[in-house]
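Before any comments, here is the structure.
The values are calculated or read from the model by the stated rules, or taken from the named source; none is laboratory data. As the structure is a computational prediction, the values presented were derived from the model and not from experiment. Don't worry about glycine lacking a Cβ; one is built from the backbone with ideal geometry, like all the others, and counts go over all protein chains shown. These area figures cover heavy atoms from the full protein model, side chains too; ligands, DNA and RNA do not enter into them. Shrake-Rupley method; radii C 1.70, N 1.55, O 1.52, S 1.80 Å.
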6 protein chains.
Amino acid sequence: MNARILIINPNSTQAVTDGIATAVAGLTVPGGPRIDCVTLAEGPPGIESQQHVDGVIGPLCNLIKREPADAYVIACYSDPGMHSAREVTDKPVLGISECGLLTACTMGERFGVVSILPGSIPRHLRAVRQMGLWDRMAGDRALGLGVVELADRARVFERMVAVARDLRDKDGADVLVLGCAGMAYLRADLEREAGIPVVDPTQAAASMALGRVLLAQSETVSRQAAE
Amino acid sequence: MNARILIINPNSTQAVTDGIATAVAGLTVPGGPRIDCVTLAEGPPGIESQQHVDGVIGPLCNLIKREPADAYVIACYSDPGMHSAREVTDKPVLGISECGLLTACTMGERFGVVSILPGSIPRHLRAVRQMGLWDRMAGDRALGLGVVELADRARVFERMVAVARDLRDKDGADVLVLGCAGMAYLRADLEREAGIPVVDPTQAAASMALGRVLLAQSETVSRQAAE
Amino acid sequence: MNARILIINPNSTQAVTDGIATAVAGLTVPGGPRIDCVTLAEGPPGIESQQHVDGVIGPLCNLIKREPADAYVIACYSDPGMHSAREVTDKPVLGISECGLLTACTMGERFGVVSILPGSIPRHLRAVRQMGLWDRMAGDRALGLGVVELADRARVFERMVAVARDLRDKDGADVLVLGCAGMAYLRADLEREAGIPVVDPTQAAASMALGRVLLAQSETVSRQAAE
Amino acid sequence: MNARILIINPNSTQAVTDGIATAVAGLTVPGGPRIDCVTLAEGPPGIESQQHVDGVIGPLCNLIKREPADAYVIACYSDPGMHSAREVTDKPVLGISECGLLTACTMGERFGVVSILPGSIPRHLRAVRQMGLWDRMAGDRALGLGVVELADRARVFERMVAVARDLRDKDGADVLVLGCAGMAYLRADLEREAGIPVVDPTQAAASMALGRVLLAQSETVSRQAAE
Amino acid sequence: MNARILIINPNSTQAVTDGIATAVAGLTVPGGPRIDCVTLAEGPPGIESQQHVDGVIGPLCNLIKREPADAYVIACYSDPGMHSAREVTDKPVLGISECGLLTACTMGERFGVVSILPGSIPRHLRAVRQMGLWDRMAGDRALGLGVVELADRARVFERMVAVARDLRDKDGADVLVLGCAGMAYLRADLEREAGIPVVDPTQAAASMALGRVLLAQSETVSRQAAE
Amino acid sequence: MNARILIINPNSTQAVTDGIATAVAGLTVPGGPRIDCVTLAEGPPGIESQQHVDGVIGPLCNLIKREPADAYVIACYSDPGMHSAREVTDKPVLGISECGLLTACTMGERFGVVSILPGSIPRHLRAVRQMGLWDRMAGDRALGLGVVELADRARVFERMVAVARDLRDKDGADVLVLGCAGMAYLRADLEREAGIPVVDPTQAAASMALGRVLLAQSETVSRQAAE
């Protein structure tokens, strides 16, 4: 049976899950693990507060417990429940913020984070300090758009480019990380505009999951062969 | 044509290159990129000093210039020439120390490094500080075996287990990183003995390379489809 | 009407709540706020894992929403739900780990944490890094006693003294913090044995809550007088 | 006999001492310790240089030696003589800069300091680094007003609001600390204007002193009861 | 025979070497060591990339091996080959970036670096992190002038003053370090314009070399006298 | 008239001043500045507490004001009054702790400090954090000898070697700094025993003073010649 990577979108918006599926499609290879993207039905439409973050942990852990997989990716930039999830399974559990920032560290000296909401920045700062990556951070700036504007692709991209430029020119970022699981479709365009690498964190986490799964499979085969 | 990941062993010992090839074999999947492991003929038998590190940069960059690939992995724990190499190609260049430590950060709170030679530790410390990962490091301890003993697998493993226990019990490591490209074959056994995850850095770097190559390919396809 | 400080024990063990009430009794003064200690009925008997921590956040926030108070103290060393709770009320919410460590910083140069379970240490380390207090930490060591031994006061104290000495002599701590809300009754004795200050974190948090409530009351009075 | 907290204004300006007394008046409760605010006669009119800071240490320690109290607060943002004072008494000695910054850490992720004089900033930076709180600091900006302007309440407040906005908007502060013992009367107004919490450091230190005194008293009573 | 300090300009531009010789001339005293400034013939005209940095290490180490001296100074702000050079001689080897930044730490709280090229800044940041001096850095800003403009002294100085002001006023630097071995002739003028100390790193390194050589000589004399 | 470096021993023990004079004698060169070592008559016999440190600041600043010199060195490992002294003169003022640690950073990756008294260690730790050098520190260990033993050269050296070995082997130091102005006469012997470089901090500070004075003199001459 094929191995399986389960990417969980902890908000309940199917469109975000679909965007994630598109973003990671390239990581599915014939001989490799299946990559399934699922929506956490119990999640809020968007994860916009610490309460939202903490509120999805229970259902998310339950989902992991009932859905067997060889690796799990939590596809929300606040990495909700990552440490709890690591207690409910012995398979790899990867958070997209963690993997996005760590991957950015292989591409530049100081990362800038493009966030959606100003209110998320303190939460992000806590995470960066918790990971011990503070001295690699150039800044974290938010689009700060209202709901109506967020539905307007051109408006979102225009703001994103402005924020990216501030991170690059005012804060000194030489690599950017998208601070949200739902912006992957703009990654390549933003990279072109900003002139510095842009990391989609879900792609980063899914990549690390893929490596972990393939290596574990191969090791199992070797061990069985040796026995 | 298939994509290609080139893993370069910057020392001239073919047996190390062969060990690397075995270690990353599991990352080769039917639809995925070819993974080629090559030996830098101009390298010393082992990279044991800063002079060795600096001495291989020129030939290593030349090799990268003449060997087309979609991503390069420098398979020596001192990441020799990583920043120079990033100037000679616009493809991803990954160092195994960088990727090994960053990957370890997804598995534990404080990493311990199992080094071969005591003399390499100051160099490793400089690298950890340079990467801004100092607060994630528990310690770096060396096997400190002589040449004859290093040829004795049982002796090496025995010392490795002792060092791993010191890193875990005295320094507080909850994840280990092998501080050398040539110890992958002992990874699984050491993990079993130590009871905490052990990262082979070459596997970590090759995994990240695989993700980068697959994503780049997929993006190219999407862009071409859109045009 | 009197002001009120609500101290919430997020585990369901009433004996722990009683111990907390005793520990903070001295902070109740005739003219000052009432200090009520309550047990979170929905909590587990003890908070011993990240799942326990995350699992109490919902009920804890609900309790805060339905129990009016002028300040809240979350009396578990993992500060469960502290950031969520700060979203559900505009009154001060204080976590005992945060307040315990910050208070320790006024008493010594490097704090040592006396934890109950080895498995809690990685969680504590994440918190110390998140708070940006890493360079003030000497170490975190656990009693590592089984359930039966934990019921034996003499055995607990004996281990606590041994752990305190290791923190002081091997790690360089010159102030200790009890890594649990249920050890206050041993604080003074441990301080005497260890010869360095010992902070009960619940006392530290309740003290800071008391100050915040008194100052807020006084400011309200001044403002009303001015109007 | 009642316990006593002694707050020492190390500059010789009685008006500052009076302002401090007003600021901490709310912390005096019927059953609690008396809070006495005294002026250090030997101090300069204002502490504006490192020489001023160092110059008051001797007289300040003498004052502590001759004035019995259960806790001492040094009410100057440079925490003059704090470590010396801790040698001359075994009662708690709290500095307002230390307590102000630590308290701010319970209210926001990154603090900004509103200083009076630009020349004090390097001294403040040294203190923040010394406390190990560097990664929690957003910035330190000075009013930079001349003597005449400093006497003009409206002018001071106008500059303070401008500085607070720069700390919030340019430096990313989400909590402010007043970098002087003499600005408490503007705290509430500044908080309203800035829209983020503002800590008066003397109130923070006096609060921590209150807690320490009450707990020590209560512990003494318990011990005596047990004997 | 007189002792000798060898200052090596690793780029091949004799005019830079001449400028260095002028900058350190004041360190030559009758009874003290000779200070010789040499040009590395194999170097590029200017060291402008990581490849340039790494490319001069081999010839630079060879030069050190064949040129006896009592201390060596590597006079390029990227400290090329410093750690390798320390392996090829047991005499002191000092890098100008290291010594410039460390010396600046005795003159101010936060240093700003005046760089020539924007592309060098990531390399400088890596070095500052590697040295563990991150929390002392205010910023690093580049002149960003083209080749023609760099030949125009007035234009260079004008930009340098502008950059110095940004480092001082926007980044908070209170001491500056010239990020290049070839700007010593502007040091005093820049210091006057900027109003804060300016360190020429080659002078800083040569000073430390002078001290090391004099102390070693004197110790040898004492030891011989004792024998 | 010759330039002059004034080295001030802030304790009143002439024998320590004499030892300092011997230690820096090698830095006096025919054409260079005179180096005068003076004893602060008002100082205590030894500086052993924060009160001692703070107590000498006034007389030390007075001495600097009445004794003209081209640079001042404060020869006590607690750098008493360094920042105040920098306000009373516009000539360089160097502290031996600051210069000793910064110089050690050019000789190894992690420094260990050999202190006399255990009670000085917290003070030293504060200084290391204040300087931002925390991540370069391996440890600080004290001889912990009583007065009688301290008078016994053989006993002192024996303990010093033991402490040096602990710093090297248990803490990972690869360079040592003597944490006192009075141990210079043992530097060379300790270096031989420990097998890693040992920095006498007074020599380090005097070296930096020498460089600063020579450069300032030379610049004055150049300026005058230009006028």
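Summary table
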read-out: GluC sites (Glu not before Pro) restricted to DSSP loop in region B:87-130 with at most 12 other C-beta within 10 Å; value: none
read-out: Rounded to the nearest 10 Å², the accessible area of D:ILE116 at probe 1.4 Å; value: 30 Å²
read-out: Span from the region C:106-125 Cα centroid across to the region D:23-49 one, whole angstrom; value: 34 Å
read-out: Normalised alpha carbon radius of gyration of the protein assembly as shown [divisor 2.2 N^0.38 Å]; value: 0.91
read-out: Under 5 Å, built H, 5+ apart or other chain: amide partners of D:LEU176; value: D:GLY112, D:VAL198, D:VAL199
read-out: Other-chain or far-sequence residues with amide H under 5 Å of E:ALA71's (modelled H); value: E:ARG4, E:LEU6
read-out: Inter-chain Cβ neighbour average for residues C:101-107, partner chain, 10 Å; value: 6
read-out: FRET E, pair E:ASP18, B:GLU48, Förster distance 35 Å, beta-carbon r, rounded to 0.05; value: 0.35
read-out: In sequence order, calculated HN-Hα J values of region B:65-77 (Karplus, 6.51, -1.76, 1.60; Hz; x Gly/Pro); value: 5, 8, 10, x, 7, 9, 6, 10, 10, 9, 9, 9, 5
read-out: Residues with amide H under 5 Å from that of F:ALA142, placed H, sequence gap 5 or more; value: F:SER115
read-out: Hydrodynamic radius by Kirkwood, which averages 1/r over all alpha carbon pairs of region C:98-200, in angstrom; value: 13.3 Å
read-out: Rounded tilt (10° steps) of B:153-169 against the dominant C-alpha axis of chain B; value: 80 degrees
read-out: E:ALA225-E:ASP36 FRET efficiency (beta carbon distance; Förster radius 25 Å; 0.05 resolution); value: 0.30
read-out: 0 to 90° range, to nearest 10: angle between helix A:121-131 axis and chain A longest Cα axis; value: 50 degrees
read-out: Size of charge dipole - region B:98-200 - debye, nearest 20, with Cβ of Lys, Arg +1 and Asp, Glu -1, no other charges; value: 220 debye
read-out: J(HN,Hα) series, region F:48-54, from Karplus relation 6.51 cos²θ - 1.76 cosθ + 1.60, nearest Hz, glycine and proline x; value: 10, 8, 4, 4, 4, 4, 5
read-out: Angle in degrees between helix D:201-226 and the longest Cα principal axis of chain D, rounded to the nearest 10; value: 20 degrees
read-out: Rg/Rh (Cα only; Kirkwood hydrodynamic radius) as it applies to region F:1-52; value: 1.07
read-out: Accessible area of E:CYS76 in the full protein assembly, 1.4 Å probe (Å², nearest 10); value: 20 Å²
read-out: Residue mean of other protein chain beta carbons inside 10 Å, E:81-91; value: 3
read-out: R0 of 35 Å, Cβ-Cβ distance F:ASP152-C:ASP166: FRET efficiency to nearest 0.05; value: 0.65
read-out: 3J(HN,Hα) from dihedral phi, region D:22-36, Karplus parametrisation 6.51/-1.76/1.60, rounded to Hz, x for glycine, proline; value: 4, 4, 9, 4, x, 8, 8, 10, x, x, x, x, 5, 10, 9
read-out: Region B:1-160 - Rg over Rh from alpha carbon coordinates, Kirkwood radius; value: 0.96
read-out: Per-residue average of Cβ from other chains inside 10 Å of B:45-56; value: 4
